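Notes for the one structure printed next.
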Amino acid sequence: MADHVVPHFQNSSGHESVEIGAHEFMCIGANPPFDHPHVFLDMGDEDQIVCPYCSTLYKFNPALKPAEANPSDCVWVPAAA
């Protein structure tokens, strides 16, 4: 069975915008323990979306892989259970 992992992104550094390689993802706000509720965001047909909790502007960049971000410090990998 293949696992489908939803990429997680955060903006602890307060970047004005974050480029990501996915249209569907989770925003956690900042690194734990300062994170907000982990929300699933879906850009749909658009190329950008604003998180309703932390107001981070996420922009789709097709040159990036789904779990990559620019700046790269915005990728967050949850600890294995």
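Once region 34-56 is narrowed to residues that are hydrophobic (A, V, I, L, M, F, W, C) and in a loop (DSSP other than H, G, I, E, B), the residue that is farthest from the chain's Cα centre (by Cα) is F34.
Sort out which residues of region 65-81 are in a loop (DSSP other than H, G, I, E, B), surrounded by fewer than 16 Cβ atoms within 10 Å (Cβ to Cβ) and in contact (Cβ under 8 Å) with a residue 12 or more places away in the chain, and write them in order of number. Break it down stepwise before answering.
So in region 65-81, the residues in a loop (DSSP other than H, G, I, E, B) come out as 65-68, 71, 77-81.
Applying the additional criterion that residues be surrounded by fewer than 16 Cβ atoms within 10 Å (Cβ to Cβ) yields 65-66, 71, 77-81.
Those that are in a loop (DSSP other than H, G, I, E, B), surrounded by fewer than 16 Cβ atoms within 10 Å (Cβ to Cβ) and in contact (Cβ under 8 Å) with a residue 12 or more places away in the chain: K65, P66, P71, V77, P78.
Kindly evaluate Q48 against the criterion of being in contact with a helix residue (DSSP H, G or I) (Cβ under 7 Å, 6 or more places away or on another chain) and not charged (D, E, K, R). No. Contact map, region 37-58: first residue without any contact (Cβ under 8 Å) to a residue 40 or more places away in the chain, second residue open to solvent by 80 Å² or more (accessible area, probe 1.4 Å), Cβ cut-off under 6 Å, separation 6 or more or different chains; pairs are D42/E24.
Out of N31, N11, which single residue is part of a loop (DSSP other than H, G, I, E, B) and buried (at least 18 other Cβ atoms within 10 Å of the Cβ)?
Values: N31 fails: buried (at least 18 other Cβ atoms within 10 Å of the Cβ).
Matching residue, one of N31, N11: N11.
The values are calculated or read from the model by the stated rules, or taken from the named source; none is laboratory data. Here the structure is a predicted model, which means the values were calculated and not measured. Every residue, glycine as well, gets a Cβ built from its backbone with ideal geometry; the counts of neighbours run over all protein chains shown. Just so you know, the surface numbers come from the protein's heavy atoms only, side chains and all, with ligands and any DNA or RNA stripped out. Shrake-Rupley method; radii C 1.70, N 1.55, O 1.52, S 1.80 Å.
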